[in-house]
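Down below is the structure, laid out as structure tokens.
The values are calculated or read from the model by the stated rules, or taken from the named source; none is laboratory data. The structure presented is a predicted model; accordingly, all values stated were derived computationally and were not measured. So basically every Cβ, Gly included, is an ideal-geometry build from the backbone, and we count neighbours across all protein chains shown.
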2 protein chains.
Amino acid sequence: MSLDKVNKFIEDELDRFLQQLSRLVRQPSVAATGEGVKECAELLVEIMKENGIPARTLPVEGGPPVVYGELRTQSGSTPLGREPPTLIFYDHYDVQPPDPLDEWESPPFEPQIRDDKIYGRGTSDNKGNIISRIHAVQAFLSAIGDIPVNVKFFVEGEEEIGSPHLPPFINKHKSLFKANCGIWEFGGVDHEGRPNIWLGLKGMLYVELWARGAATDTHSARAPIIPNAAWRLVWALNTLKNQDERVLIEGFYDDVLEPTKKELELIEKIHYPEEIVKKDLGLKSFLKNLTGPELVKTLLLEPTCTICGIQSGYTGEGSKTVLPSTAMAKVDFRLVANQRPKDILEKLRNHLDKHGFNDIEIIARSFLEPAKTPVEDDFVQLVIRAAEEVYQKEAIVYPTSAGSGPLYLFRNVLGIPMVSVGVGYPLSKAHAPNEHIRIKDYVLGTKLIARIMSDLGK
Amino acid sequence: MSLDKVNKFIEDELDRFLQQLSRLVRQPSVAATGEGVKECAELLVEIMKENGIPARTLPVEGGPPVVYGELRTQSGSTPLGREPPTLIFYDHYDVQPPDPLDEWESPPFEPQIRDDKIYGRGTSDNKGNIISRIHAVQAFLSAIGDIPVNVKFFVEGEEEIGSPHLPPFINKHKSLFKANCGIWEFGGVDHEGRPNIWLGLKGMLYVELWARGAATDTHSARAPIIPNAAWRLVWALNTLKNQDERVLIEGFYDDVLEPTKKELELIEKIHYPEEIVKKDLGLKSFLKNLTGPELVKTLLLEPTCTICGIQSGYTGEGSKTVLPSTAMAKVDFRLVANQRPKDILEKLRNHLDKHGFNDIEIIARSFLEPAKTPVEDDFVQLVIRAAEEVYQKEAIVYPTSAGSGPLYLFRNVLGIPMVSVGVGYPLSKAHAPNEHIRIKDYVLGTKLIARIMSDLGK
């Protein structure tokens, strides 16, 4: 089957699909606060239906619904006589909170095209990919009248807060989400325009740590005799990680797997755009002066302990002399195979207790296990070939991403080989102000999805 | 001169003066944000004039005006033939920010009388004392037709942020503020109803510490290679004080004076209401299990380093996986004689540099030197006697307070013996939600001011 007509449709109908992306971005859907999440699910169902994909929301206990779409190929078998395979797309319609708002050049929920880029919260992570995948399916339907494989769309609404309600939901619907292979939510090109293919994700444990002192904030003149929650929290946090970036929780690294020889070979090929990232972030150097393959290896394979936020006492204008009664830190741990978030939580509790901080409360907010698909897998190899054809450049394969997500539910629980490709690029500013994608990446990324579908159907 | 008529006026006109206090409290005057500060100065001038005290605002370069009032006795000499002395009242019309707002039982700027107490931000600190002192002067004017001594009112508008613009102002107007003795802004009774007299204040250095990492917040997946401002700040703060509450800045304690034998004797007499304060603040024990005279000695004589606030990254609802680009802490150092705030600032800078934190920026917000008047001073002895007469209980003398203020400008620069008495009590919740005073303390505190004026005029 020639893809020319499909690719022509992808190009010809670009504006219409960018408008659909704008429509989706315009609907806020901030999982952290719940703002607009349900409305976004409804809107997405509508957009999918308009594009010929039967879709519906599936209720998720305790969380926003999953948007689920399914479309079967009309041919009973592939040209080679095999039963047509099923490809599942994993995406999420929720986005990160937009703050700090004053750093956006155009408002986060008023998408704007400028300089051949489209700006807005979610354009890169991950609404651009949702629309791209719908676009690819619609291209087959319009240009050919059928799709070459069965497709399933699985679009959740809590990825950005660690998919807390997904595990029981996946377990309940195991047969519904059966598939032969899957495409994960993100990806794109590197700074040299080479397609990047991601085979794994880190896991995550996200916690809030709370220190509590007096029942109310009090006058700081009492500091010599009244416990200060902010100090307690600072001292407790300080025991978690040293200035060499080594996590000090007892046993934290016990289950970390050494990378395979093949993984290290793949990492050697990755060109991290060091100068561009440093310039973009205004940095003179990376942590520990890392550079080259050692930098990439650290980024992809090191587990981390990150303070995402910390708050205590008076932080407004001017000087308030107050002794804070509470202090809170949000901390994420990015975990690598085979660390387990529940085990790390237990080790964190033991660590704090052992260091005299049994007064520090831990509230666990999300648990994600690390997961990855081996590069030797047939589907991985098919995607690598497809990407090199579409982009006409060598594909760069990441054995794992530095990011996290509920990949393990698809890879480990459902047993599906999963590969992540998409429409972003290294300066897309996911999770930050001025998030955007380049339109040329959107087009190529959409053509890659079409190509993968086509190759799978052979 | 009998004080009966004066005291009768104080009691008879109580409601009218509580209404004036309400009027003053209803006008927000938050120095930290500037909210309503100038309006409050104008209102205070109006109230003073209505009570027969010629008053005006004096412009202060860079800050809100000082409200200044002056009234001379009509008699050329005291009954004993001496030239009538001048008594200066130091007060401040600014207040602390009212947050956390949701902990107030009635709104902070809508004063409310319930259970013989008057609630509202500033009732205790320090608008209640301002009105009390006006009330005492007005009582003499109404009941006797004259005041026994010359009085000066000095009411500033930036005490709660460390009086940053006062030093040059005082130096410029030295002759205007000449006085023989002065009453400082706060005081009241202890839990046993005994009048408390304060002879000194701690100094203060208030700083903001800023850590800066990347130019913008970024995705926390980059944590293995991108510096995190929140971690930098936590590590830096951790070097400032250990868990035994010892400040670790090199040379911090070098200039601390040992207390005199007389001061230690006074401290022995102070009954700190340990059980009541613990219950009020929901504490099982004080820091380091302090109790008795050792607790009081620590409270009054130890310099401190207090985190008043800390902010970095995402601190809203839910889980945002962000790597913060900035982190800020507000820190106050309460200093004792003879520590000097500018010297401590220099030592703080050296300490951070020495510990590898020359990337941490220090923004100094205020400087106050410690100051005290010796208990042997004649005016101190007069106030002690007056207080014991009015309250009919033993006066408890604090060689210094745990609090801070620009006392040194009056005590050290202008050379005036200064004593602090007032209308509060230990649960007045200064700087905290539900600030209030008891009306009975207001009446006694006002009578004490009248008595001091009367005794000075003898």
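If we scan the stretch B:253-262, do we find a residue that is on the phi > 0 side of the Ramachandran plot, outside the structural domain of B:Ile363 (by TED's automatic domain parsing) and out of contact with any strand residue (DSSP E or B) (no Cβ under 9 Å at 6 or more places or on another chain)? Within the stretch B:253-262 (the criterion being on the phi > 0 side of the Ramachandran plot, outside the structural domain of B:Ile363 (by TED's automatic domain parsing) and out of contact with any strand residue (DSSP E or B) (no Cβ under 9 Å at 6 or more places or on another chain)), the answer is no, since none of the residues qualifies. Scan the stretch A:353-363 and tell me whether some residue there is free of Cβ contacts under 8 Å to residues at least 60 places away in the same chain and within 29 Å of B:Leu209 (Cβ to Cβ). Within the stretch A:353-363, one or more residues are free of Cβ contacts under 8 Å to residues at least 60 places away in the same chain and within 29 Å of B:Leu209 (Cβ to Cβ). Within the span defined as the stretch B:104-124, one or more residues are modelled with pLDDT of 95 or more and in a helix (DSSP H, G or I). If you take the residues of the stretch A:1-58 that are basic (Lys, Arg) and out of contact with any strand residue (DSSP E or B) (no Cβ under 8 Å at 6 or more places or on another chain), which of them is nearest to A:Leu80 (Cα to Cα)? So the residue we want is A:Lys5. Residue count for the stretch A:1-26 under the criterion of being buried (at least 21 other Cβ atoms within 10 Å of the Cβ), under 21 Å from the mean Cα position of the chain (by Cα) and farther than 12 Å from A:Ile134 by Cα: the result is 2. Against the conditions (1) more than 14 Å from chain A (Cβ to nearest Cβ); (2) buried (at least 23 other Cβ atoms within 10 Å of the Cβ), where does B:Ser420 fall short? Just the number, please. Among (1) more than 14 Å from chain A (Cβ to nearest Cβ); (2) buried (at least 23 other Cβ atoms within 10 Å of the Cβ), the lone unmet condition for B:Ser420 is (1). Being in the same structural domain as A:Thr239 (by TED's automatic domain parsing) and of a type outside the set (D, E, K, R): is that true of A:Pro324 here? Answer is yes for this residue. Within the stretch A:96-117, residues that are among the polar types (S, T, N, Q) have Cβ atoms under 8 Å from residues that are assigned to a strand (DSSP E or B) in these pairs: A:Gln96/A:Val30; A:Gln96/B:Val322; A:Ser106/A:Gln112; A:Ser106/A:Arg114; A:Ser106/A:Tyr119; A:Gln112/A:Ile118; A:Gln112/A:Tyr119, counting only partners at least 6 apart in sequence or on another chain.
Scan the stretch A:341-385 for residues that are surrounded by fewer than 16 Cβ atoms within 10 Å (Cβ to Cβ) and in contact with an Asp or Glu (Cβ under 6 Å, 6 or more places away or on another chain) and the total you get is 1.
Of B:Leu264, B:Leu299, all but one fail to be touching a Pro at 6+ places or on another chain (Cβ under 6 Å) and among the hydrophobic types (A, V, I, L, M, F, W, C); the exception is B:Leu299. Only residues that are among the charged types (D, E, K, R) and within 14 Å of another protein chain (Cβ to nearest Cβ) were counted across the stretch B:365-385, and they come to 1. Taken over the stretch A:294-314, residues that are more than 7 Å from chain B (Cβ to nearest Cβ) and either part of a strand (DSSP E or B) or surrounded by 15 or more Cβ atoms within 10 Å (Cβ to Cβ) (or both) amount to 6. Can you pull out the residues in the stretch A:315-356 that are outside any loop (DSSP other than H, G, I, E, B), more than 10 Å from every other protein chain (Cβ to nearest Cβ) and of a type outside the set (A, V, I, L, M, F, W, C)? Of everything in the stretch A:315-356, those that are outside any loop (DSSP other than H, G, I, E, B), more than 10 Å from every other protein chain (Cβ to nearest Cβ) and of a type outside the set (A, V, I, L, M, F, W, C) turn out to be A:Pro341, A:Lys342, A:Asp343, A:Glu346, A:Lys347, A:Arg349, A:Asn350, A:His351, A:Asp353, A:Lys354.
Taking the conditions (1) buried (at least 17 other Cβ atoms within 10 Å of the Cβ); (2) within 23 Å of the chain's Cα centre (by Cα); (3) among the β-branched types (Val, Ile, Thr) in turn, B:Val256 satisfies each one other than (1). Scanning the stretch B:408-435 for residues that are within 19 Å of B:Asp91 (Cβ to Cβ), outside any helix (DSSP H, G or I) and over 15 Å from the mean Cα position of the chain (by Cα) yields B:Leu414, B:Ile416, B:Pro417.
In this entry, B:Glu388 is excluded by the filter for residues that are crowded, with 23+ Cβ neighbours inside 10 Å, in contact (Cβ under 8 Å) with a residue 24 or more places away in the chain and in contact with a Pro (Cβ under 8 Å, 6 or more places away or on another chain). Taken over the stretch A:96-111, the criterion of being of a type in the set (S, T, N, Q) and within 11 Å of chain B (Cβ to nearest Cβ) is satisfied by A:Gln96 alone.
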